[in-house]
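Visitor: Input: one structure, supplied below.
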Amino acid sequence: MKKKWWHGKTAYQIYPKSFKDGNGDGIGDLRGIIEKLDYLKELGVEIVWISPIYQSPFVDQGYDISDYYAIDPVFGTMDDMDKLLLEAKKRNINIVMDLVVNHCSDQHEWFQKALKDPYGKYGKYFYIMEGKNGNPPCNWRSYFGGSVWEKLPGYNNLFYLHMFAKEQPDLNWENPEVRQEIYKMIRWWLEKGIAGFRLDAIINIKKDLRFQDFPADRADGLCAGTKMLQYAEGVHEFLQEMKREAFEPYQAFTIGELFDFRPEELERYIGGHGCFEAIFDFSPHMLGGSKKGWYDRKPVTPNEFRDAIYASKELSQDIGMMANIIENHDEPRGVSHYLPEGEINETSKKMLAGISMMTYGLPFLYQGQEIGMTNKEFRSIDEVDDISTLDEYHVALANGFKEDEALKLVTGMSRDNARTPMQWSDAPHAGFTEGTPWLAENENYHDINVKEQQNRKDSVLSFYKELIALRKNPEYSEAIVYGQQMPALTELKNFMGFYRRGNIHTLLVLANYQSKKRTVTINESAAQILLDSCSEESGMAKLIKAENRIQIPMEGYQFLLLEIKE
Ligand code: TEU
Ligand code: CA
């Protein structure tokens, strides 16, 4: 594999509204991010992706952009942005912005002009179509519920397409003028000195242009809009053109957010010939999902989690890197989602950290993950802000669940779990703001916060720091970054093991993914422990040698990284 500057780094996602408030209005901002750059540097991250900070009406928290060239005033000014870029550079931190170009906001100038003259130039920037006698052109359901078609105000039989909220009209990528506008904007930001982009919902830019009905998959008579992705052909042409015209001249780092891609087409997305540098590995996040809605989700078992990761590494590692995540701003907190209730503790949190950081790929942390932040307990639907959760709540009600049941079912998946304020300290509002936070903090900030963990050697935060440092350690980095990943001890239930075979060093990851102790045996004659998620008190591991084998008694949820000696 051709080596790239970003391969050995660790990345971190900031959700700007909830990271750090610099002016006391309760909303995180650029000044807050600048304040915390030293924290990020000390953590060891070198790539920081910031979720959208562009001008927005915030119907979908900034994923509805009304001006791609402006910073929203709640986050600060363009001067603040320039300052952030400068300060980040001083600390060797590469800033990655969010590129949301499947759709824009209905408040964007283009859409406003399209509304005035749907048959004119700007009408062609969107998908505006005639309906069927006043009914939508087809029966696709949007990601946030209801039809993807919305009537154009003032017209009886004209509709515009929105795969997400109705305030997020889809941009018509078939129109070369639209594509050129987008590339121009990308180059403008790259000129400014950002390192690249995370590409939002990018596979959606190509539609199945027949716009036909599919068989309904729910009682509402609609079918998931994503179904059309199975028939949409030609997304690669758009993506290659964008790479050629916008990214390549700047050697930009690009990471695609794509669900629903065809596995046999992975080579077209990443690696030497791919249109992106990397894509996120969402395979564990898809587990337990149901077409019916969040209310019907099944909990993820340790074996499923392990097998999903094994499979995606088998698929990807000879092609290119995917990014490993346990959570992001759209997902529940990883520790709450992948660990059984009642078994979430510092040892098990460190186990997930170890797996995610030692798995082949680019590790991506989400703010708060490094201190083991958990899901929030929502006592009423009024405490929820997220548009997606509100929709799923109504889906659950429509399917016969009582209000309290529906609340419990959907809040476990709510995007707001990840969007509560970052827990900096045990000061009021977790030290996030001097004002009132836009979204209430998680009450557990008294126990879980940066300040408490910063100087404690056995904290989750310290463990992340060790993992990140090890990835950069000249001795082991080759094995951790490029070493072949090979499953180990696959016959064990509730266990995850894998080798990372580098040119010089061979590492072995052992994760006891259960609360019960167990003793594992490996067919190696010599090994040494590099990392242990347990402390003196919780029982650090010892290797017991017996001829050509080593026995290792392991505590519940213990994570070990071994170096194999020949
Ligand atoms: O998400 C795209 C996406 O397909 C899913 O994450 C999903 O729609 C969502 O989580 C439903 O709960 C991206 C952004 O990450 C997300 O925050 C935006 O809402 C969405 O695009 C629209 O821009
Ligand atoms: Ca603020």
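The values are calculated or read from the model by the stated rules, or taken from the named source; none is laboratory data. Here the structure is a predicted model, which is why all the values come from computation and not from measurement. Cβ placement follows ideal geometry from the backbone for every residue including glycine, while neighbour counts extend to all protein chains displayed. Just so you know, the surface numbers come from the protein's heavy atoms only, side chains and all, with ligands and any DNA or RNA stripped out. Shrake-Rupley method; radii C 1.70, N 1.55, O 1.52, S 1.80 Å.
Visitor: All but one of (1) more than 30 Å from R141 (Cα to Cα); (2) outside any helix (DSSP H, G or I); (3) touching a residue at least 60 places away in the same chain (Cβ under 8 Å) hold for F247; state the number of the condition that does not hold.
Guide: (2)
Visitor: If you scan the stretch 524-541, which residues turn out to be free of Cβ contacts under 8 Å to residues at least 40 places away in the same chain and of a type in the set (A, V, I, L, M)?
Guide: A527, I529, M540, A541, listed by residue number.
Visitor: I would also like to ask the following. In the stretch 25-104, which strands (runs of 3 or more DSSP E) lie fully inside it and hold 2 or more residues that are open to solvent by 40 Å² or more (accessible area, probe 1.4 Å)?
Guide: 67-71
Visitor: Identify all residues within the stretch 240-271 that are touching a Lys or Arg at 6+ places or on another chain (Cβ under 6 Å) and of a type in the set (G, A, S); write none if there are none.
Guide: Selection gives A246 alone.
Visitor: With the requirement that a residue be farther than 20 Å from A224 by Cα and part of a helix (DSSP H, G or I), what does the stretch 377-410 give you?
Guide: Within the stretch 377-410, I381, D382, E383, E403, D404, E405, A406, L407, K408, L409 qualify.
Visitor: Does any residue of the stretch 327-336 turn out to be open to solvent by 10 Å² or more (accessible area, probe 1.4 Å), away from ligand 1 (no atom under 16 Å from the Cβ), of a type in the set (D, E) and in contact (Cβ under 8 Å) with a residue 12 or more places away in the chain?
Guide: Among the residues of the stretch 327-336, not one is open to solvent by 10 Å² or more (accessible area, probe 1.4 Å), away from ligand 1 (no atom under 16 Å from the Cβ), of a type in the set (D, E) and in contact (Cβ under 8 Å) with a residue 12 or more places away in the chain, which makes the answer no.
Visitor: Then there is this: Only one residue in K166, K151 is on the phi < 0 side of the Ramachandran plot, surrounded by fewer than 22 Cβ atoms within 10 Å (Cβ to Cβ) and in contact with a Phe, Trp or Tyr (Cβ under 8 Å, 6 or more places away or on another chain), so which one is that?
Guide: Criteria check complete, one pass: K151.
Visitor: Select from the stretch 337-355 the residues that are of a type in the set (D, E, K, R) and open to solvent by 30 Å² or more (accessible area, probe 1.4 Å) and write down the one among them that is nearest to R471 (Cα to Cα).
Guide: E346
Visitor: Scanning for something in contact with a Pro (Cβ under 8 Å, 6 or more places away or on another chain), closer than 30 Å to F126 by Cα and more than 16 Å from ligand 2 (Cβ to nearest atom), does the stretch 66-82 turn up at least one residue?
Guide: Yes, the stretch 66-82 contains a residue that is in contact with a Pro (Cβ under 8 Å, 6 or more places away or on another chain), closer than 30 Å to F126 by Cα and more than 16 Å from ligand 2 (Cβ to nearest atom).
Visitor: If A252 meets every condition in (1) under 25 Å from the mean Cα position of the chain (by Cα); (2) among the hydrophobic types (A, V, I, L, M, F, W, C); (3) over 19 Å from G361 (Cα atoms) apart from one, which number is that one?
Guide: (3)
Visitor: Here's another thing I want to ask about it. Could you please give the count of residues in the stretch 462-498 that are open to solvent by less than 60 Å² (accessible area, probe 1.4 Å) and within 24 Å of Y366 (Cβ to Cβ)?
Guide: So the count comes out to 16.
Visitor: Which members of the stretch 407-436 meet the condition of being more than 19 Å from G62 (Cβ to Cβ), in contact (Cβ under 8 Å) with a residue 12 or more places away in the chain and more than 16 Å from ligand 1 (Cβ to nearest atom)?
Guide: L407, Q423, W424, S425, D426, H429, A430, G431, E434, G435, T436
Visitor: Turning to a different aspect of this structure: Looking at the stretch 170-192, is at least one residue part of a loop (DSSP other than H, G, I, E, B), within 16 Å of ligand 1 (Cβ to nearest atom) and either closer than 26 Å to T389 by Cα or in contact with a strand residue (DSSP E or B) (Cβ under 8 Å, 6 or more places away or on another chain) (or both)?
Guide: Looking through the stretch 170-192, none of the residues is part of a loop (DSSP other than H, G, I, E, B), within 16 Å of ligand 1 (Cβ to nearest atom) and either closer than 26 Å to T389 by Cα or in contact with a strand residue (DSSP E or B) (Cβ under 8 Å, 6 or more places away or on another chain) (or both).
Visitor: In the stretch 439-469, which residues are farther than 23 Å from V384 by Cβ, in a helix (DSSP H, G or I) and within 23 Å of the chain's Cα centre (by Cα)?
Guide: V450, V460, L461, S462, F463, Y464, K465, E466, L467, I468, A469 - these are the residues of the stretch 439-469 that are farther than 23 Å from V384 by Cβ, in a helix (DSSP H, G or I) and within 23 Å of the chain's Cα centre (by Cα).
Visitor: Can you pull out the residues in the stretch 250-262 that are open to solvent by 70 Å² or more (accessible area, probe 1.4 Å) and modelled with pLDDT of 95 or more?
Guide: Hits for the stretch 250-262 are Y250, Q251.
Visitor: Looking for something touching a Pro at 6+ places or on another chain (Cβ under 6 Å), away from ligand 1 (no atom under 16 Å from the Cβ) and closer than 22 Å to P73 by Cβ - is there at least one such residue anywhere in the stretch 53-62?
Guide: Taking every residue of the stretch 53-62 in turn, none turns out to be touching a Pro at 6+ places or on another chain (Cβ under 6 Å), away from ligand 1 (no atom under 16 Å from the Cβ) and closer than 22 Å to P73 by Cβ.
Visitor: Those residues that are in contact (Cβ under 8 Å) with a residue 40 or more places away in the chain and either farther than 21 Å from E248 by Cβ or surrounded by fewer than 20 Cβ atoms within 10 Å (Cβ to Cβ) (or both), I need them from the stretch 263-281; list them, please.
Guide: Within the stretch 263-281, P263, L266, E267, G271, G272, F280, D281 meet the criteria.
Visitor: While we're here: Report yes if E314 is over 21 Å from S356 (Cβ atoms), open to solvent by 30 Å² or more (accessible area, probe 1.4 Å) and either at pLDDT 95 or above or not aliphatic (A, V, I, L, M) (or both), otherwise no.
Guide: The answer is no for E314.
Visitor: Take the stretch 9-19 and flag every residue that is touching a strand residue (DSSP E or B) at 6+ places or on another chain (Cβ under 9 Å) and either over 25 Å from V481 (Cα atoms) or open to solvent by 10 Å² or more (accessible area, probe 1.4 Å) (or both).
Guide: K9, Y15, P16, F19
Visitor: Next up: Tell me which residues, restricted to the stretch 195-235, are farther than 18 Å from H162 by Cα, surrounded by 15 or more Cβ atoms within 10 Å (Cβ to Cβ) and over 22 Å from the mean Cα position of the chain (by Cα).
Guide: Result: D217, R218.
Visitor: If you take the residues in the stretch 11-24 that are within 16 Å of ligand 1 (Cβ to nearest atom) and assigned to a loop (DSSP other than H, G, I, E, B), which one is farthest from the chain's Cα centre (by Cα)?
Guide: Only one residue tops the list, namely F19.
Visitor: Could you say whether any residue in the stretch 521-540 is open to solvent by 20 Å² or more (accessible area, probe 1.4 Å), in contact with a Ser or Thr (Cβ under 8 Å, 6 or more places away or on another chain) and modelled with pLDDT under 95?
Guide: There is at least one residue in the stretch 521-540 that is open to solvent by 20 Å² or more (accessible area, probe 1.4 Å), in contact with a Ser or Thr (Cβ under 8 Å, 6 or more places away or on another chain) and modelled with pLDDT under 95.
Visitor: Moving on to the next point. Can we say F378 is surrounded by fewer than 22 Cβ atoms within 10 Å (Cβ to Cβ) and either touching a residue at least 40 places away in the same chain (Cβ under 8 Å) or not hydroxyl-bearing (S, T, Y) (or both)?
Guide: Yes: the conditions hold for F378.
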